[in-house]
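Participant: I have a structure I would like to understand better, so I am pasting it below and will then ask my questions one at a time.
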Amino acid sequence: MQADVTLGNLASALTIHTEEADLIAELKAGSEEAFSWLITRYHQPIYSLLARTVRDPADAADLTQDVFVKIFRGIGSFHGESSLRTWIYRIALHEGLNQRRWWRRHKQQEVTIEMETVDCESGEPARLKEMLVDPGESPYEMATHTEARERVEAALREVPEPFRTTLILRDIEGFVYEEVAEMLGTNLGTVKSRLVRGRACLRQLLLADNAHRAANAALLLHREESQ
């Protein structure tokens with residue numbers, strides 16, 4: 001039975017590899033159908049990745065287009081050193097990094113003094129993808145979960161680099177540790193360390209947000225009772 005499972009996995013892996021090789025060949029040949037499929041498959045994931053990694057999510061749409069332009073221009077130099085998916089995400093991460101560098105040079109002076117620095121050394125790990133699940137069906141539940149997701153996304157943007165990108169790639173995008181390490185050009189130990197610190201930082205930010213909301217609610221209630 002175990003042998004059958006192993007052979008099945010191997011056959012599946014070989015099929016996927018063959019299909020990817022065929023796709024890459026079509027892309028290099030300039031197939032419009034292949035590029036159309038590629039954009040359909042990766043546009044939303046790349047957009048979501050960039051919206052979470054750059055300082056201003058409004059820049060994500062233009063950056064996503066830039067990524068696909070670079071894919072189109074660079075596919076001829078892709079030789080399969082990694083999977084096509086990993087290569088595409090690496091391009092997207094590079095574009096996001098360039099955007100963050102530009103933001104630091106030109107936009108950082110616009111940050112308000114209300115922004116706080118958060119200590120990310122302590123706290124317990126939290127799985128981000130579990131926080132982003134939205135099982136609600138009723139309008140009230142959907143609104144509640146939407147608000148929770150927005151709070152998590154806002155907190156995620158405050159997690160400092162490189163912890164934020166590591167958190168996004170592993171817990172949201174679902175890449176395995178080895179793929180994350182390859183994309184970021186680092187080793188597995190560093191990836192795991194950044195992931196622990198990133199999860200702890202996110203948890204700390206969310207706890208601080210909860211405490212702030214609770215304090216505001218108590219103050220509002222006190223005012224209402226005093227009237």
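Participant: Is the C-alpha gyration tensor of the range 34-90 telling us rounded, prolate or oblate? Criteria: a/c under 1.5 is rounded; beyond that, a/b larger than b/c is prolate, otherwise oblate.
Facilitator: Prolate.
Participant: Considering only C-alpha atoms, what is the centroid distance from the range 160-179 to the range 49-107, in Å?
Facilitator: 15
Every number in this text was worked out from the coordinates using simple rules, so none of it is lab data. Small disclaimer: the values here were computed from a predicted structure and weren't measured.
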